[in-house]
1. Condition first: surrounded by fewer than 11 Cβ atoms within 10 Å (Cβ to Cβ) and modelled with pLDDT under 95. Now tell me which residues in segment 209-240 satisfy that.
2. How many of the residues in segment 11-38 are out of contact with any strand residue (DSSP E or B) (no Cβ under 9 Å at 6 or more places or on another chain), polar (S, T, N, Q) and either part of a loop (DSSP other than H, G, I, E, B) or not assigned by TED's automatic domain parsing to the domain that holds SER104 (or both)?
3. Of (1) in contact (Cβ under 8 Å) with a residue 12 or more places away in the chain; (2) in a loop (DSSP other than H, G, I, E, B); (3) out of contact with any Lys or Arg (no Cβ under 6 Å at 6 or more places or on another chain), THR230 satisfies all except one. Which?
4. Here are LYS273, LYS303, LYS321, LYS258: which of them is among the basic types (Lys, Arg), farther than 30 Å from ASP36 by Cα, out of contact with any Lys or Arg (no Cβ under 8 Å at 6 or more places or on another chain) and assigned to a loop (DSSP other than H, G, I, E, B)?
5. Do you know which of the residues in segment 39-82 that are closer than 11 Å to LEU288 by Cα and in a loop (DSSP other than H, G, I, E, B) is farthest from the chain's Cα centre (by Cα)?
6. In segment 22-38, which residues are within 18 Å of ILE65 (Cα to Cα) and within 19 Å of the chain's Cα centre (by Cα)?
7. Could you list, in sequence order, the residues of segment 124-163 that are assigned to a helix (DSSP H, G or I) and buried (at least 16 other Cβ atoms within 10 Å of the Cβ)?
8. hydroxyl-bearing (Ser, Thr, Tyr) and under 14 Å from the mean Cα position of the chain (by Cα), is that true of SER315?
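The values are calculated or read from the model by the stated rules, or taken from the named source; none is laboratory data. Note that this is a predicted model, so its numbers are computed, not measured. For neighbour counting, all protein chains shown are included, and Cβ atoms are generated from backbone atoms with ideal geometry for every residue, glycine included.
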Amino acid sequence: MKKGVLLVNLGSPDSPSVKDVRKYLSQFLNDPFVIDINPIARFFLVNFVIVPFRAKKSAKLYEHIWRIEGSPLITHSVKQKKLLEKSLGNNYVVELGMRYQNPSIESAFKKLLDQKIDSIIVIPLYPHWASSSTESSILEVKRIAKKVGFTNLKFIEKFYDNEDYLNSLVDVAGKYNMNEYDFFVFSYHGLPERQITKVYPNHCQINDVCCSVISEKNKFCYRAACYFTTRELVKRLSIPEGKYISAFQSRLDDNWLKPYSDKVIAQLAKEGKKKILVFSPAFVADCLETIYEIGVEYEQIFKQNGGEKLQLVESLNENPKWIEALKKIIS
């Protein structure tokens, strides 16, 4: 009997058409773990406000990053799946499922069962645990497993503190000369502050002191985990104190985690920084948030405020050390 591995990532529209982007946004934003408010309020907000007004704009952004082979997130994830399966050898079967749209988690699960596997290791490809990504994905896998009567599951809920994951990030950054840059920004995907505090309601303070150490009291705190990743990368890359910052991107309102990456980028340029290097450790595959939001929008913001060059460090994608890290996490 072979062992199954299920890689899970967030997902992407099937195409950059307005119709497919609308379908993707509707499924994504109607998830109660993503917009965790009153169900009735969420229904009207998503279906009558956000999706109708955002679909066309988002479709244009997806058109900008779309490749001949399709969505970068999907194509990189498929390549990761194939490389990992080859690395693991004949005793493993690896499938890929997206939390939203295609290939779906359910289709990937069924493919694994067709291979007569006796167990499944599930790895949501989000290094830092969050209810809106990790928990939502795990619950969807459990729902499907219950539906088909499969129980032998193991979940890898986080890997931000895994040495091999951290070293693979360092390997990707190795192509850049750290001495050429004035400042370094570690930009993580943002979350509403309420999604942070409700994990540890009696402990979480959402400040740099509270997030300065990882312990049993906060090991699943998204913000603390992000700050841990920054500290580890700074140490490994020999970046001096005072020349880096952790920030959070992709916010929807002013009640999300601070500081905001776009504001940080503008301020650095105003302070006279000319060249900055931006990392995005929360993403293991390049996508809209890295290629366009950082690589295009943030570069424009930086130059508009007096900066000269903003360089994005690409995500892990098919980096050999990242594939080896996944293999070690599994085995």
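1. Here is the first cut: in segment 209-240, the ones surrounded by fewer than 11 Cβ atoms within 10 Å (Cβ to Cβ) are 209, 215-216, 238, 240.
Of everything in segment 209-240, those that are surrounded by fewer than 11 Cβ atoms within 10 Å (Cβ to Cβ) and modelled with pLDDT under 95 turn out to be VAL209, SER215, GLU216.
2. 3
3. (2)
4. Values: LYS303 fails: assigned to a loop (DSSP other than H, G, I, E, B); LYS321 fails: assigned to a loop (DSSP other than H, G, I, E, B); LYS258 fails: farther than 30 Å from ASP36 by Cα.
Matching residue, one of LYS273, LYS303, LYS321, LYS258: LYS273.
5. Out of the qualifying residues, it is TRP66.
6. Here is the first cut: in segment 22-38, the ones within 18 Å of ILE65 (Cα to Cα) are 22, 24-25.
Listed by number, the residues that qualify are TYR24, LEU25.
7. From segment 124-163, those assigned to a helix (DSSP H, G or I) are 131-148, 163; that's our starting set.
The answer is SER131, SER132, SER133, THR134, GLU135, SER136, SER137, ILE138, GLU140, VAL141, ILE144, ALA145.
8. Details: hydroxyl-bearing (Ser, Thr, Tyr): yes; under 14 Å from the mean Cα position of the chain (by Cα): yes.
Yes.
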